[in-house]
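Below is one structure, written out as structure tokens; the observations come after it.
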Amino acid sequence: MSARIRLVLADDESLTRGAVGALLGLEPDLEVVAEVGTGDEAVESVQRHRPDIAVLDVEMPGRDGAEVAQWVAANEPRTRCIILTRHARPGVLRRALAAGAAGFVTKSAPATLLADVVRRVHRGGRYVDPDLAMTALMTEDCPLTDRELEVLCAVDATGTAADIARKVHLSPGTVRNYLSSAMQKLGASSRTDAAQRARDNGWL
């Protein structure tokens, strides 16, 4: 019998993590060597166990799944990453694939599909949820300028225009103009809404 495929599973929802880990553990050729709840713990587990596959949620405390995938690609390239998430937005897909993920599976998929994707990725293949891939292909081109994107990238929930201005080395008035323009183009009600819409579409 050939060696089992070794997995690290990272998801901040303990119930989901436990259920997915248990289901994958039932497969005779798969072995879950670690289950963790944060992106930083995922990095530590990949360093410690050097698994064949890391199955990563997108939204986790600390580093998110895309950041972990990017770190793995740069530092532990023998480990391949699969993104498993309920946030099946085109922008999430683009960001994860750009970070080096080899697979993208939604949490609504059956466990048998995830197991098959693990095997496919382990063999050097790739997998992207077909419905999500089609949606991503049909998403419109970015209407924002490079400066508008730069300013939106610096937006956070509590920061002011002056805070953003310091980050991007522009005047607060110029920042307000870029934010206003971006909000208008995206039909957003606030700067944080505009930033989130840009992320959802994969433009940030």
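Diagonalise the Cα gyration tensor of segment 1-50 and give the resulting equivalent ellipsoid semi-axes, square root of 5 times each eigenvalue, largest first, whole Å.
Equivalent ellipsoid of segment 1-50: 19, 15, 4 Å, largest first.
Which net charge results for the neighbourhood of L204, defined as the other residues with beta-carbon distances under 12 angstrom from its beta-carbon, given Lys and Arg at +1 and Asp and Glu at -1? Intermediate results must be reported in sequence, preceding the final value.
Numbers: positive: R94, R95, R197, R199; negative: D146, E148, E150, D200.
For residues surrounding L204, the net value is 0.
Calculate the translational D of segment 146-200 in whole µm² s⁻¹ from Stokes-Einstein, where the hydrodynamic radius comes from the Kirkwood formula applied to all Cα pairs, the temperature is 20 °C and the viscosity 1.002 mPa s.
D = 201 µm²/s.
Tally Lys and Arg at +1 and Asp and Glu at -1 over the other residues with C-beta under 11 Å from the C-beta of V151: what net charge comes out?
Net charge around V151: +1.
Just from its helices, what would the mean residue ellipticity at 222 nm be for the chain, if runs of 4 or more DSSP H residues each count -39500 (n - 2.57) and the sum is divided by every residue, rounded to the nearest 500 deg cm²/dmol?
Estimated from H runs of four or more residues: -15500 deg cm²/dmol.
At q = 0.18 Å⁻¹, what is the base-10 log of I(q)/I(0) for segment 1-108 according to the Debye formula with one equal point scatterer per Cα and no solvent? Please give it to two decimals.
The Debye formula, applied to the Cα set alone, gives -0.78.
Kindly give the semi-axes, whole Å and largest first, of the ellipsoid equivalent to segment 97-199, taking each as the square root of 5 times a Cα gyration tensor eigenvalue.
37, 14, 12
For segment 69-168, run through the GluC sites (Glu not before Pro) and keep only the ones in DSSP coil with at most 11 other Cβ atoms within 10 Å of their Cβ. Walk me through the numbers on the way to the answer.
On the way: sites: E140, E148, E150; in loops: E140.
Answer in residue order: E140.
Short version: ³J(HN,Hα) in whole Hz for each residue of segment 23-39, in order, from phi by Karplus 6.51 cos²θ - 1.76 cosθ + 1.60 (θ = phi - 60°), x for Gly and Pro, what are they?
Calculated HN-Hα couplings, in order: 5, 5, x, 6, 6, x, 9, 10, 9, 7, 8, 7, 10, 9, x, 9, x Hz.
Once the convex hull of the C-alpha atoms of the chain is built, how many Å³ does it hold per residue, rounded to a whole number?
Working: hull volume 25.9 nm³, N = 204.
Normalising the Cα hull of the chain by residue number yields 127 Å³.
A short reminder: the numbers here are calculations on the coordinates, not readings from a lab. Every value quoted in this text rests on a predicted model; they were computed, and no experiment measured them. All Cβ positions, glycine included, derive from the backbone under ideal geometry; neighbour counts span all protein chains shown.
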